[in-house]
Structure formats: structure tokens, C-alpha cells
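Here the structure is laid out as C-alpha cells; the discussion comes afterwards.
The values are calculated or read from the model by the stated rules, or taken from the named source; none is laboratory data. It should be emphasised that the depicted structure is a prediction, and the values quoted were computed from it without experimental measurement. No Cβ is skipped: glycine too gets one built from the backbone with ideal geometry, and neighbour counts run over all protein chains shown. Keep in mind that these areas ignore ligands, DNA and RNA; they rest on the heavy atoms of the full protein, side chains included. Shrake-Rupley method; radii C 1.70, N 1.55, O 1.52, S 1.80 Å.
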Amino acid sequence: MLTRCCLLLVALVACNAQAEIRALVAETDPPGEAVTLGRDEVFWVRIAYDSDEPVRIWARPYLDGKEVAAHSNPSITHTGSGNALGWFSFREAAQADEIRIQVGTSRSSQSLEIARHPVQLTATGQPVARRTAAPWVDELRRETEARGRLEQERVSSRPAGTKDAVVTYGLMLLVAAVVLGVPALLVWAAWNWRRNGFPVAPGGYVPYAVSALIGLAVCLAISLATGRKEAWDSDLYFSVGMPVMVLAIFAISWLFPKGAWRWTVSMAVGQSVAMLLGGNSLSLWPLAVLAMLFFSLPQFASGFVASRLARRNAA
């Protein structure tokens, strides 16, 4: 009890600028100060909160002050006082030394840290038998799912505002442009190749635009699906997004083999724009571009191979 009171005091001090939002880790499952988790085994967190405004609440694992990559909970909207359910799990071996409770508000595009809870977590990355969760976990899960359904029904029945409509339809048009534009470009290239008997020469801004749009669409889709501001924080970026972008660069570099490295750079810029749209600071945009260039090494390799093959085939 004394520990919880101290944690609540720390939470109150940490959110002095946002005194209307308070939270603490009330309980965990598995419990204890040192916990070992298997592959995909969920670590549940019961978060006691008190807020005067609607907020979304997440539990994130940290090690030495840095967030540890993990699958973590989305969040419904919370207001007033109550208990929120947070969770995360690890796919690979990992360690964490604390849990940080973060909230999202309509006042800021950045999440706010509200509380910290020390715990030594060790993820083995090895499969384990399924464990029965504590009764409070099942109760909060049912409550969260029921409130989530009601929230979705309210959102779907509410007339969309101008801003929401522009964002929604704009994203739909962007995805449609990528999904329809790339096959159309390939069909046009094949037809032109067959008619003229030579590969398609670099065509103005087409490869730049296509590669940038694909990078933008892939990162936005992953961010929207996972709730992460930075797509590379999700495993989907590496398991789904990366292969899609590698194949796209291969196709574009095959069609436009001259200076194929430019298409990967263009795609990296498109990805960094997606990060910017996700709420990251404009001052960090140059760093985002550099980070994306590092994560784009497989695309560079794919473009190089496709370019060499296309040149050899044309010889």
C-alpha cells in the first residue's frame, strides 16, 4: 500500500503541468518485481486513472530510459476516474526495467508520460504454455471491448466533419493511386517495350512520384493500423512494409534502371513525410530522412540488382 501511495505521489509530481490527469500502476499480471515472459506472453497492467478530459492510455516497456520494441495495447477513450487495461508482449528476447504510463490528449500530438512503475522484465523469446490470466484481467477486457464497440458505433453514426472527411478520402485516394497506379505503370511499360522493342527510358517525375507515394502509403497504413507514430516501432514495418517496398523498388528500378538509387531516396522521403504527418516535430524531419535512408538499405540493394538485370537484358 505504501508503494502505491509513493507511486501516486511521483505521478502527481511528474504531471504538474497537467495536474488534471493522474495515473498509477495498480496491479500487474503476472505480479511481482521480477517477471519472466515467454514468446507472445502478455504482461497485463491495471492502470488507475483520474482525468478531467478524454484521454487514451498506454503501458510501454522501457530499459535504461529507452522504449523497448513490443506489441502493445491500443486504447479506447477514458475520462473521469476508473481502471484502464494496458498490456504488451515480446516476440523476441528482450529486457525491461520499468513500465511507463503514457496518455494521449486532444491538446497535444505528442503522448504525455504520467507514471512509472519499476519492474524487472525478461522475455525469453521461447514458446510457453498458455497461462490463465487473473480474474481482473478478464473483467477489464470485457469492459474495454464493450466500451470500444460503443465508441465505434458513436463514431460511425456521427456525421464526419470537413477535416475528417478530407483526411479519410485523401488517404483513400492516395492508397487507390498507389494500388492502381503501379500496375497501370507496369502494363504501360510492357506495352511500350513490346511496341518499341527497347526498355522504357526514365520518364520525368513518374518514378520519383510513384516511389514516394508507396513509401508514404506504406508508413501511413502501418501507423494507422498499429497506433504508432513511427511505423518502424511496429514489427509490421519489417515483416510486411519492408518486403512491399523492396518489391516496389525492384519493379521501378527495372523499368527505370538509370540512376536507380534515386527511387530509394525518393521512397525514404515519402516515409519521412508519413512520420511528419503522424505528429513528429518538424525540427526532427532531417533526422527522420537520415533514419529512413538507413532502414532503406534493402531497397538500395533491390534497386541495384534490378537495374543491373534490366541493363543486361537490354544489351
Legend entry - Test: residue in segment 121-132 that is in contact (Cβ under 8 Å) with a residue 60 or more places away in the chain and closer than 17 Å to Ile21 by Cα: no
Legend entry - Count of residues meeting criterion [over 16 Å from Leu216 (Cα atoms), assigned to a helix (DSSP H, G or I) and open to solvent by less than 20 Å² (accessible area, probe 1.4 Å)] in segment 253-267: 2
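Ile57 - would you say it is touching a residue at least 40 places away in the same chain (Cβ under 8 Å) and touching a Gly at 6+ places or on another chain (Cβ under 6 Å)? Break it down into steps so the answer makes sense when it comes.
Details: touching a residue at least 40 places away in the same chain (Cβ under 8 Å): yes; touching a Gly at 6+ places or on another chain (Cβ under 6 Å): no.
For Ile57, the condition - touching a residue at least 40 places away in the same chain (Cβ under 8 Å) and touching a Gly at 6+ places or on another chain (Cβ under 6 Å) - is not met.
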Inset, instruction - Spot the failing condition for Ile21; the list is (1) modelled with pLDDT of 90 or more; (2) β-branched (Val, Ile, Thr); (3) more than 24 Å from Leu224 (Cβ to Cβ); (4) open to solvent by less than 20 Å² (accessible area, probe 1.4 Å), and only one is missed. - result: (1)
Inset, instruction - Go through segment 26-41 residue by residue and tally those that are part of a loop (DSSP other than H, G, I, E, B) and either surrounded by fewer than 19 Cβ atoms within 10 Å (Cβ to Cβ) or polar (S, T, N, Q) (or both). - result: 7
